[in-house]
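Any read-out appearing in this document is the output of simple, stated calculations on the displayed coordinates, not a laboratory observation. Nothing here was measured: the structure is a model prediction, and the numbers come from that model. Virtual Cβ from ideal backbone geometry, glycine too; neighbours counted across all protein chains shown.
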Amino acid sequence: MTLDLPANPNAAAVAADRAHVWHHLTQHKPFETRDPRVFVKGQGLRVWDAEGRQFLDGVSGGVWTVNVGYGRARIAQAVAHALTEMNFFAQTTGSVPGAQFAEKLISRMPGMSRVYYGNSGTEVNEKAWKMIRQIAVKRHGGRKSKILFRERDYHGASITALSACGQGQRVRDYGPFTPGFVEVPHCLEYRAQWGEGDHAGSYGERAADAIEEVILREGPDTIGALCLEPITAGGGVITPPMGYWERVQQICAKYDILLHLDEVVCGLGRTGTWFGYQHYGLKPDFVTMAKGVASGYAAVACLVTTEEVFDTFKDAPEDEMSHFRDISTYAGCTAGPAAALENMAIIEEENLLENTRNMGDRLMDNLRALQENHAAIGDVRGKGLFCGAELVADRSTRAPLAEAQVQRVLAECQARGVLIGSTARAMQGLNNTLCLAPSLCVSADEIDEITSTLDQALTRVLG
Ligand code: PMP
């Protein structure tokens with residue numbers, strides 16, 4: 001189906017985009033001879049570009065964000081109401097939507113109690129690290145200020161977030177970086193780094209013990225926090241191996257290290273529970289979230305923490321420096337929490353967590369079936385509607401498929417009307433993984449359309 005548009009009504013906008021907009025993560029040279037893509041309409045999981053071409057979006061707005069799908073008028077109406085009533089006042093004060101969303105969010109996060117608002121994933125991660133540094137000063141005379149991050153994880157685009165980035169392509173050229181961030185090894189079992197040796201445990205336990213080795217090397221009294229994605233997203237859709245998280249939680253407790261979980265992708269239902277960490281029974285000190293919080297209908301991000309952390313900042317009220325000294329202007333805009341509240345209501349009313357679990361199982365089953373017919377699919381992994389298929393040139397050596405080939409597979413899917421993503425650029429030949437993460441309201445037919453299109457594209461490109 002193509003959208004019934006009058007002849008090129010968006011031609012002027014496309015020309016203006018080509019002349020003046022600098023797109024994210026994009027090499028613009030090709031646009032000297034052709035137009036960039038401009039999307040003009042979305043409904044459900046379908047999007048239309050300015051040329052009237054229709055696509056089934058298999059990655060929720062390109063970056064696993066539009067959890068409840070496109071065209072949700074009720075979110076737009078809630079935002080309009082909030083903005084008309086009281087659009088903004090600095091977050092040094094409260095707002096009705098801000099208070100309502102915080103209460104609702106906390107009710108789905110047992111053990112957590114405080115919400116700190118921001119605008120993007122990068123920003124709330126940095127806010128968590130500022131809190132961690134300040135806690136180090138308050139509790140440990142400033143010693144426990146280092147923050148551990150993991151190879152292949154990503155936490156944002158600012159210089160400090162890149163200081164905690166485990167993906168080479170994102171980091172190159174942008175140093176010098178913020179000191180005090182230390183990398184720990186990844187836990188991707190398909191690309192296992194450790195044999196059994198004299199370690200009797202599972203691969204997950206060995207991968208977690210590799211974190212402990214870094215802690216001992218650096219000195220436990222210098223480490224304030226461990227920051228991890230519950231399931232690594234752009235680094236290859238890495239689901240943790242069995243036994244990993246239990247051991248990580250033990251290690252944090254043993255060395256008095258705060259656990260910061262970056263749920264920017266996993267949060268708000270993507271994996272079939274409200275948060276990714278809830279699959280593993282974890283007790284984090286900080287949870288940060290952004291993309292799915294308002295499904296792309298407004299810019300809102302949250303840092304959620306415990307009452308214990310919060311109380312630390314109430315000590316010495318007579319000291320002008322004892323509270324958390326941080327602000328973001330637009331965190332005071334009510335559009336964000338108003339959209340987030342409505343987004344959560346949709347997830348609940350339409351049972352989208354359950355749909356995510358069911359449709360996620362179907363997607364994984366379909367991918368496993370494709371793996372039987374396509375030697376290039378070396379590994380499939382995922383949880384809920386957060387799935388990856390790692391492409392290899394040779395199954396026995398597990399050599400990654402060349403990036404150009406991965407891009408051709410994506411282009412063939414697009415030519416057939418389905419958008420999917422990949423980690424090939426970010427991972428630079430380390431794990432070239434296709435990313436499939438449709439909106440949580442996806443239907444069985446749409447799942448089958450995504451995987452049958454991928455089947456055709458793989459056949460076309462790789463035989
Ligand atoms: N953390 C993770 C796990 C992410 O995937 C991203 C964005 N892709 C971020 C943080 C940064 O979020 P933002 O782009 O909203 O700053």
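Data overview
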read-out	value
Region 382-463: GluC sites (Glu not before Pro) in DSSP coil with no more than 16 other Cβ atoms inside 10 Å	none
For the chain, with +1 on Lys and Arg beta carbons and -1 on Asp and Glu, the positive-most of Ala389, Asn10, Leu268 along the dipole	Asn10
Separation between Cα centres of region 329-350 and region 275-322, rounded to whole Å	16 Å
Helix-only [θ]222 nm of the chain, DSSP H runs n ≥ 4, -39500 (n - 2.57) each, per residue, nearest 500	-11500 deg cm²/dmol
Semi-axes of the equivalent ellipsoid for region 73-349, Cα gyration tensor, largest first, Å	32, 22, 17
Neighbour cut-off at most 14 other Cβ (10 Å), DSSP loop, chymotrypsin sites (Phe, Trp or Tyr not before Pro), region 20-124	Trp22, Phe89
Built amide H within the under 5 Å cut-off of Val66, gap 5+	Gly61
Whole-angstrom gap from region 393-450 to region 8-69, using each part's C-alpha centre	19 Å
Magnitude of the charge dipole, region 73-349, Cβ model with Lys/Arg +1 and Asp/Glu -1, debye to 20	380 debye
Residue exposure sequence - Asp448, Asp379, Asp57, Asp17 - by fewest surrounding Cβ within 10 Å	Asp448, Asp17, Asp379, Asp57
Non-local Lys pairs in the chain, i.e. 8 or more apart or on different chains, that have alpha carbons under 16 Å apart	9
Extension reserve of the Arg114-Glu308 stretch, reckoned as 0.36 nm per residue once the Cα distance is removed	68.9 nm
Share of alpha-carbon pairs per 20 Å distance bin for the chain, given as whole %	24, 57, 19, 0
Lys/Arg +1, Asp/Glu -1 at C-beta; region 73-349 dipole; positive extreme among Thr93, Leu341, Tyr330	Tyr330
For the chain, size of Cβ-based charge dipole, Lys and Arg +1, Asp and Glu -1, in debye	680 debye
Dipole of the chain, positive end: most advanced residue of His23, Gly156, Gln250 [Cβ charges, Cα centre]	His23
Burial ordering of Met359, Met364, fewest other beta-carbon atoms within 10 Å first	Met364, Met359
Low-density loop positions, chymotrypsin sites (Phe, Trp or Tyr not before Pro), region 144-195 - DSSP coil, at most 14 other Cβ in 10 Å	Tyr174, Trp194
Net dipole in debye of region 186-293 [+1 Lys, Arg Cβ; -1 Asp, Glu Cβ; about Cα centre; nearest 20]	420 debye
For Thr356, Thr92, Thr305, order by how many other beta-carbon atoms lie within 10 Å, fewest first	Thr92, Thr305, Thr356
